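The values are calculated or read from the model by the stated rules, or taken from the named source; none is laboratory data. Bear in mind the structure is a predicted one, so any value in this text is a computation, not a measurement. Cβ: placed from backbone, ideal geometry, glycine included. Neighbour counts: every protein chain shown. Only protein heavy atoms, including side chains, enter the accessible area calculation; ligands, DNA and RNA are left aside. Shrake-Rupley method; radii C 1.70, N 1.55, O 1.52, S 1.80 Å.
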Amino acid sequence: MLPPSGSSGLRPAWWQRLRFVYRHADLRPSNQLSPISAGRHPTYKVSGDDPQFRLRHILPAGWYMVEVELHCEHVVGHSRFYLDHGHGESEALSHGLPCRNGKVSKRLLYLKSPARLRYDPVTAPCLLEVRHFRLVRMTPGAALQRLRRKLENHRTLVGGAWPSDDDLEAAWSAYDGLFSQDAGTTSSYASWIQQVEQPLIADLTEQRRTVSQWARRPLVSIVLPTWNTPVPLLRACLDSVLAQSYPHWELCVADDASTEPHVRRVLSAYASRDERIRVTYRPRNGHICEASNTALEMAGGEFVALLDHDDVLAPHALFFMVRALQDHPEARLVYSDEDKLDSEGRRCDPFFKPDWSPDLLRAQNYICHLCMLQRQLVKTVGGFRAGYEGSQDYDLVLRCTEHLSEPGQIVHVPMVLYHWRQTEGSTAGGHQAKDYATGAAVRALEDHMQRTRTGARVSVIAPGLYRSHWPLPPAPPLVSLIIPTRDAHDVLRTCIESILGKTTYPHLELLVVDNQSTCQQTMSYLDELTRQEAGRVRVLRHDQPFNYSAINNMAARHAKGSILGLINNDIEVISPGWLTEMVSHAVRPDIGCVGA
């Protein structure tokens, strides 16, 4: 949309008054919001469950994109926008926006007529930091394009119903309904704990009764290195071990020559309380790896569990870990989900992990906490290695998993059993807190690649996130890219020209399957391709009703390559190395299918 202009070329006065972008400065706190600090990221004290901002301006009718980024000491949950078209506010004229702490959330708003806007950012008392607020007027065409893209991405959530192009009301209703469904399913982590987690956990008496019925009740040696741990954190850590419902454990503490006298007092007091707690005081500081190995030397259990000195185990942690052994007696490595404890000791940032995924482990130490390993396995690989401080657990797990190839030897327990404390200097608050950890992780991964003879090299995407570059064979295999099409000349040409013009992979052929095209422009282009790219492109005819599987199966029978690529006719190559990257995975003996 271009602004009108008069004979002088200047915008008229009404255009200059019309606002197209609204920011946080255009919001006025009107209820349960007390400003604490201004500046780039203003902060407010929220005193109730109904805080409200009001936009200082009346919004003209039309389409708007709203962007919000909030941060508070607990999960934000859900924001809501209320529109008053002159007849008051109501829930019927409100629109939800699920938000996550520190993440930008976006959605469209549609105003049939001018309206005032009220914005309710959160639903509970907190300290609220508004890091970003932006309300932008959009052209109808751009807004509808984004709306339809959202519906396309969430087609299953609208029950298969698909509004026609001219049914704006139906399209807007379906779009808005997606956010309503999100509102019903997106709850705070605290609510998830109460509604989902707690019903899965039997009471302490029932857990102990269950343990008494198990035929296998292995001793678990909890390995705990300490160094100058603050008293409250150390006590919380030790208390979490004493609170375990599974009783067959020993706590092996190796204090790494702490200089704070309270550490010895606390550890000695706890050791005198329970004979299962054993403490060694190292005469010299050797850092985390040497201290952990000292603790390992004390261990006599069938399994060892790794615990950091300022973290906390869930009371049922060992119960669920050992219960997994009842169903998987062959298991030698067991790991659980985890979350974090904020500065107030509240649970936050859950990490719900997948089952065993070797490629994900090469990208990040997703196993992390809680990890329980067969002690003999740890002994076989040599325990912790000095020089890998900061990523010592990652290095240990990589070496252990290299010895585990049978199904069921690595078991995931889908329960949050470990609470990782966000303290200053801890990687729980971000990997940048320990820069040396990244270098140690890269060395651990490079060692792993060399031991397993993958030929892959390692690079850093971001602290704690790594990329494996897998090699191609000396003679890269021929790849047959199958492109079904019917008419659609413009997108087909873009697709093929981008593949032929940008792809750096050296050995490919294109099989374009024409499924009853009638467009003369398309057919002329296919004839041109056949002439100009005879060595790389073949056009196959499929004169049958559309069936995507049948089309690809037919083309596969004509393919000369040992690798098939299934390509839609509306894709466009943007990264020259796309096919090299995918083939480098496809040729690995343990990989059958690669998706980008």
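Within the range 436-474, which residues are more than 26 Å from the chain's Cα centre (by Cα) and either of a type outside the set (Val, Ile, Thr) or modelled with pLDDT of 95 or more (or both)?
Step one: list which residues in the range 436-474 are more than 26 Å from the chain's Cα centre (by Cα), which gives 447, 450-455, 471-474.
Scanning the range 436-474 gives Asp447, Gln450, Arg451, Arg453, Gly455, Pro471, Leu472, Pro473, Pro474.
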>> I'm checking my understanding of the structure. Among residues of the range 300-329 that are open to solvent by 10 Å² or more (accessible area, probe 1.4 Å) and small (Gly, Ala, Ser), which one is farthest from Gln198 (Cα to Cα)?
In response: Gly300
> Can you name every residue in the range 540-596 that is farther than 17 Å from Leu500 by Cβ, outside any helix (DSSP H, G or I) and either touching a Cys at 6+ places or on another chain (Cβ under 6 Å) or β-branched (Val, Ile, Thr) (or both)?
Replying inline: Ile563, Val587, Ile591, Val594
>> Every residue in the range 526-578 that is within 35 Å of the chain's Cα centre (by Cα) and surrounded by fewer than 11 Cβ atoms within 10 Å (Cβ to Cβ), please.
In response: Ser549, Ile574
> Before we move on, is Ser221 over 16 Å from Arg107 (Cβ atoms), modelled with pLDDT under 90 and either in contact with an Asp or Glu (Cβ under 8 Å, 6 or more places away or on another chain) or buried (at least 16 other Cβ atoms within 10 Å of the Cβ) (or both)?
Replying inline: no
> What tally of residues in the range 445-491 results from selecting those that are open to solvent by 40 Å² or more (accessible area, probe 1.4 Å) and touching a Gly at 6+ places or on another chain (Cβ under 7 Å)?
Replying inline: 1
> Among the residues of the range 125-141, is any modelled with pLDDT under 85, of a type in the set (Lys, Arg) and within 23 Å of the chain's Cα centre (by Cα)?
Replying inline: no
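Ser180: under 30 Å from Arg347 (Cα atoms), at pLDDT below 80 and exposed (fewer than 14 other Cβ atoms within 10 Å of the Cβ), yes or no? Spell out how you get there, then give the answer.
On the way: under 30 Å from Arg347 (Cα atoms): yes; at pLDDT below 80: yes; exposed (fewer than 14 other Cβ atoms within 10 Å of the Cβ): yes.
It is true that Ser180 is under 30 Å from Arg347 (Cα atoms), at pLDDT below 80 and exposed (fewer than 14 other Cβ atoms within 10 Å of the Cβ).
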